[in-house]
Amino acid sequence: MSAALWVDKHRPHELGDATTVNARTAKHLKLLIARGDCPHLFFHGPSGAGKKTLALAVLREIFGAGVEKVKLENKTWKIDQNDRGVEVELAMMSSNFHCEMNPSDCGSKDRYVVQEVIKEMARSRPIDADGIEGYKVLVLTEVDRLSREAQYGLRRTMEKYSASCRLFLIAERPSKVMDALQSRCLPIRVPGPSIEEIENLLHEVAKKEKLELPPELATRVAQASGRNMRRALLTLETCRVMNYPFKPTQAVQTTDWELYINQIGSEILAEQSPSRLLQVRGRLYELFVNCIPPEIILTNLAKALMKRVDVEVKHQICFWAAHFEVRMQRGGKPIMHLEAFVAQFMALYKSHLVAAFG
Amino acid sequence: MDDDDDDAFDFDDMIDRQDDVDVPFVDANDEVDTLGGIGKDDDDFNGFFPDDDLDRDEGSRENDRSAVNAIGADPSSMSAAKRRKTVEESTATENGSDRGERRAEKRTTIDLDAYVREMAAETSARGLGAMGRGSKTKLRSRARNEGFKANAVDVEGECVGVTLGDGRRVYAKMEPRDTPLVPEEEIYGRGGDPGVSLLSRPIEDMLDEYEDERNRTAREAALREDEDADIDMSAMGAASREPQTAGQRMAERLRGQLRGALWTQKHTPRNFTDLLSSEYVNREVVHWIKGWDKVVFGRDPPPATMKKFYSDRYAERNGLKKRGPLKSEDTHVQLDATKRPMEKILLISGPPGVGKTTLAHIAAKHCGYEVVEINASDDRSASKLKVKLADALHSCSAFVQQKPKCVIIDEIDGVHNAGGDRGAIYAVLNALKSQKGGAPLSRPIIAICNDLYCTSLRPLRDVAKVIRVKPPPNATLNGRIREICAKENVDVEPRAVALVAERVNNDIRSALHTIQLIAKTSSKVTLREVAHAGAGEKDNKPQALTVWQDCLRGRHTFPKSRLESETGSNPHMAKMREKIEVFQDNDAVFDGMFENIPKVRFQDGTMRRMTQAMNAVLDGVMFQTKSFTAGDHTLRQYAETCALTVHSCASHADALGDDFVWPKSGRAAKERNARMATLSARRSALDGKIARCSLVSDVTETLPYLNSILAPELRSVGTTFMTSDEKATLDRLVGLIVSANTLVLDPPVDEFVKFGAGVDAMKTLDRLSWREQRERDEAPPTAPQHLDLVPRRAVNNSLRSIIATAIVISADRSSPAEASAEAARLKSERKARVALGVAGGNLNRARKIRAGDDDVGTVYKYNEGHTTGVRRAVLMRHLFPELKSASV
């Protein structure tokens, strides 16, 4: 039973398979590890660009098909911290050769993961059948969400155990990973694929699935995906489930939370008042509680607002959105920053309207 | 002296006092009190009210009346000491001593004395609150016949206003007395621990008296025996002045101790009528304690005469029918089946220094209990407390006739309550409950706290009778302080007293401490002295709600104080800052302010002020975070400044009042974390590749599409009636679910991708906002307001049942005889089970039928959901592979 989501089904497993998207990067990587060794790698790029796919393909290139035999474990680590024990629970997927984990899942305890867990794993060195000491690879995802302390901790580990362990760091935003970490790695930028690339990819997948994909629909799906391969493929699959044979004009589904944010945007544009702010607050809470990350809410909200305002207001929206996003990182409850952004926009839009129309 | 007292009667004070006059003495208890008060001597009277022409002026009766009324109401203006004395006698009588009787006889000054005795006797028979109707009528008739007059004009000379038990206001004539009722030193010499003394006279005086008596008898005996002997009587007299005997020395020592005692201790109220807390509160406490009378003393609690009086008066005024005569079960406190008050514990709350502890002690003693106090100085861990309570409540001495005990747990909000159910509060709660097999609680327990809303008190609050004690009104407080100062011979400016009282938020304890301190250093306590001493300023930790409310309203937050209006300064911001500093929890301040800022009416059209305020809050939060992460707590002062900025933004706004809402952000974060945990738990339950995406991309990208992918359009028919296309779709779907990419459908995916219905968990949060609550309750129920988003198909129940069946079939189909495939089969079956669990109750409908087969004991017949198209027998072991080995 090989039924799987197309995203997973058509994921390239080897560097050589990556022909449609990221082909060039894949080639470079293949050359890099041709001699069987590689430095620490730092994959960065937007969501759905293929960072992790590349990282796993590199692993396969190094260790062979054995890396695909993974098992998932939920491990609990007990760490003695001066006077009290700290328990850290972390899910990790590991094969004989590598281990994948997302330390930022532990929230504020992530530094214990870095200080203890990773050190522990990095210390032991696998020995292959010939008695040659190899190395293992730790794949750390969402490094940009690691706390500052954890990143500091990681810095030392990377140097100290580099003989027995390689780290593959994966992050969306390199700016949130401290320079000291970046300089210890070979950074590999994985850009979001262009619309054409995504279109090609969609056609390729359709061919493999033996479907007729009208080029217009492919273009529309690609455009709706926002240069995100995962989204593009999921959208295509949804279209397939909703309606087949494809029609060039058929609806391309977007996500509810995006529609919801757009709705909030038009509500804000329709009325600027404290009571409206309270209403928007309720909506923001809903988004927030449903696990939509506040940064994404802010970005999308700013975009939604910018669609229908004058140019000078657009500049200000950009400014304030950036302002509040930065502050969101600095501290405080994210929901406060979102709301303050809305209030700020309301105030400036109102005064803009007053200035423009009197 | 006279000058000072003239000062005391500046206009403000007079107004205050007039306000006070409106509170009549309405209880029968108070009749005793007030009548007693009449018996004060003129000298003393004049001491406090210097020859006011008003009082003596025969011509202006009306003025006369108001002035005397004021006297009646204000302890400052009448000699409280005298008053205390008188009522104490009634108390003493009640306690079975006849001394009160004896003393009352000494007083022959006014014609009302006889009544007092009578009343006292009556009270002693029925308890203080038990002024029966009989006595009232008696009083009324006497009032008509003798000293009482319905009009002040009818009274010759001075008079005093008295409210009778039936609510009538009458005026009694006052007559001057030559000798003071009680010797001065007896008043001043009183002291010691109020918790111990139940004597109407100090022990040292009695010791003196006893020694004198002994001396006298000894002397008389000596004289009688040896009349011829040459006894130097004068030497004898001189010797008696020296403390010779042990008793005299002891009395001297006690008195010496008192000389240096704190005023608060020295002048603490010693009986019921001295209490500063409001009459109503005092009475409530006593009524509650009396509610235990049946269990403790075996007598009925006093009937609810006051309740009846009020309801009768109401009926009379509104032309309604009066209720019938009181029955014995009509008591003030509602009793339960076991004749105990419904609420088994009394919880007295109020700010420090309003006299909660004193009230509890005096009320308990007054009702005839021995007080057992457990306060913060004792070890109050749960186990210790349990033992102490048991000791106090269940044990009594076999030899000594003891009074029943009443436990007072002081400062209960400070008890150590760690350990949840095993905490100290629970020890108290358990004591309230009747233990299995043991006797039910049969003694009153009084708990005292400052912060009623302290989290640890929550369980107690639900079962306790809560009484809130407020600080006494300014005039009462100032009067009492001045009275004490006068007793201590300290010259004090009335305005200084007022300032001190204001500074300490009407906390009489600190006020007295402050004045005593100043009096030590200077002979006269003046306003200037107090203002410059800076003493007595107290940090009161305010509650979160008040801080938010004060921050988000205009400048009328703090009215100008007495001192400021004299000096012309108004350090408003400094006060606000101090309030925030004292509150300490800046994060809570910011959370609450932020939550409520949109509701503040900032009075600006462009929302500028509101934005400013919000930004200020965020700045403050930033400083706060920084101070925390950097460990640099000096940064907190900047955060406080930010809070002040918010306050200045709101400088023209009105108070929010009822609209205040508790901050929700914490709750929202909690809810979000819970959802995150669900999601990641779901992820870690998988062993497929989907777990390799980040949680964020799961939520924002995968799940919304997955929801649609998992919900293809399928007719709700059995598989046999499906078209080949439909079959293919179903196969694919089943494949998706059963394959390595299985997403456990519990909780359903669509819960995470739907928007517009609001968050249920957040809706319950507005409990603080009563107005909203009320509106919501009154509004007709409406359907939740959904946004006009694109309607989505979700995995509905019928689809689920189809999927579930298909999974079972496919599992069955893929179970070939080959042993090699067995493992795979089991695996897929297990998954089918998971999916079936989601299929919503279909399994419940499985009917148990008897099977003829001997190998399998029981066969469960599984009927597919909505159609009879497919009916196949599914063996239990197909569904539960683990059972296979153990199958019967």
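See the values below:
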| read-out | value |
| --- | --- |
| Residue match in region B:632-648 (condition: outside any helix (DSSP H, G or I) and in the same structural domain as residue B:551 (by TED's automatic domain parsing)) | yes |
| Any hit, region B:306-313, residues being at pLDDT below 75 and in a loop (DSSP other than H, G, I, E, B) | no |
| Scan of region A:204-234 for residues that are surrounded by fewer than 15 Cβ atoms within 10 Å (Cβ to Cβ) and farther than 21 Å from residue A:47 by Cβ, ordered by number | A:207, A:208, A:209, A:210, A:212, A:215, A:216 |
| Residue pairs meeting the criteria (Cβ under 9 Å; at least 6 apart or on separate chains; first at negative phi, in region A:321-336; second open to solvent by 40 Å² or more (accessible area, probe 1.4 Å) and among the basic types (Lys, Arg)) | A:321/A:303; A:329/A:176; A:330/B:626 |
| Residue count for region B:672-711, restricted to those that are at pLDDT 70 or above and facing chain A (nearest Cβ under 7 Å) | 16 |
| Selection within region A:284-298 - in a helix (DSSP H, G or I) and surrounded by fewer than 21 Cβ atoms within 10 Å (Cβ to Cβ) | A:294, A:295, A:296 |
| Selection count where residues are within 25 Å of the chain's Cα centre (by Cα) and among the small types (Gly, Ala, Ser), scope region A:258-277 | 1 |
| Within region A:15-104, strands (runs of 3 or more DSSP E) holding 1 or more residues that are of a type in the set (Asp, Glu) | A:71-81, A:84-94, A:98-101 |
| Enumeration of residues in region B:591-611 that are more than 8 Å from chain A (Cβ to nearest Cβ) and farther than 14 Å from residue A:277 by Cβ | B:592, B:593, B:603 |
| Residue within region A:122-142 that is under 30 Å from residue A:224 (Cα atoms) and either charged (D, E, K, R) or open to solvent by 10 Å² or more (accessible area, probe 1.4 Å) (or both) present | yes |
| Tally, over region A:272-283, of residues that are more than 9 Å from chain B (Cβ to nearest Cβ) and at pLDDT below 90 | 1 |
| Residue identified as open to solvent by less than 50 Å² (accessible area, probe 1.4 Å), more than 9 Å from chain B (Cβ to nearest Cβ), assigned to a helix (DSSP H, G or I) and on the phi < 0 side of the Ramachandran plot among A:348, A:301 | A:301 |
| Elements of type helices (runs of 4 or more DSSP H) in region A:200-271, at least 3 residues being in contact (Cβ under 8 Å) with a residue 40 or more places away in the chain and either over 17 Å from residue A:8 (Cα atoms) or more than 9 Å from chain B (Cβ to nearest Cβ) (or both) | A:229-242, A:256-270 |
| Sole exception among (1) closer than 30 Å to residue A:155 by Cβ; (2) within 14 Å of another protein chain (Cβ to nearest Cβ); (3) not charged (D, E, K, R) for residue A:33, by number | (2) |
| Residue satisfying all of: in region A:76-98; open to solvent by less than 70 Å² (accessible area, probe 1.4 Å) and within 13 Å of another protein chain (Cβ to nearest Cβ); farthest from residue A:115 (Cα to Cα) among these | A:95 |
| Among residues of region B:712-747, those that are among the β-branched types (Val, Ile, Thr), open to solvent by less than 30 Å² (accessible area, probe 1.4 Å) and at pLDDT 65 or above, counted | 2 |
| Hits in region B:482-491 (condition: out of contact with any Pro (no Cβ under 9 Å at 6 or more places or on another chain) and in contact (Cβ under 8 Å) with a residue 40 or more places away in the chain) | B:484, B:485, B:486, B:487, B:488, B:491 |
| Residue list for region A:51-67, restricted to those being in contact with a Lys or Arg (Cβ under 7 Å, 6 or more places away or on another chain) and under 15 Å from residue A:16 (Cβ atoms) | A:53, A:61 |
| Residues satisfying the stated conditions in region A:36-62, i.e. over 20 Å from residue B:696 (Cα atoms) and within 14 Å of chain B (Cβ to nearest Cβ) | A:57, A:59, A:60 |
| Some residue of region A:35-48 being modelled with pLDDT of 90 or more and open to solvent by 40 Å² or more (accessible area, probe 1.4 Å) | yes |
| Conditions (1) at pLDDT 70 or above; (2) part of a loop (DSSP other than H, G, I, E, B); number of the one not met by residue B:231 | (1) |
| Neighbours by Cβ (under 9 Å, 6+ apart or cross-chain): first from region B:617-646, within 21 Å of residue A:108 (Cα to Cα); second polar (S, T, N, Q) and open to solvent by 50 Å² or more (accessible area, probe 1.4 Å) | B:623/B:637; B:623/B:641; B:627/B:634 |
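Quick grid of which residues meet (1) more than 30 Å from the chain's Cα centre (by Cα); (2) not in a helix (DSSP H, G or I):
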residue: B:579; (1), (2): no, no
residue: B:587; (1), (2): no, no
residue: B:595; (1), (2): no, no
residue: B:598; (1), (2): yes, no
residue: B:606; (1), (2): yes, yes
residue: B:610; (1), (2): yes, no
residue: B:621; (1), (2): yes, no
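The values are calculated or read from the model by the stated rules, or taken from the named source; none is laboratory data. Because the structure is a prediction, the values reported are computed rather than measured. Methodologically, a virtual Cβ is constructed for each residue, glycine included, from the backbone with ideal geometry; neighbour enumeration extends over all protein chains shown. Side chains are part of the model used for accessible areas, which takes the heavy atoms of the whole protein and leaves out ligands, DNA and RNA. Shrake-Rupley method; radii C 1.70, N 1.55, O 1.52, S 1.80 Å.
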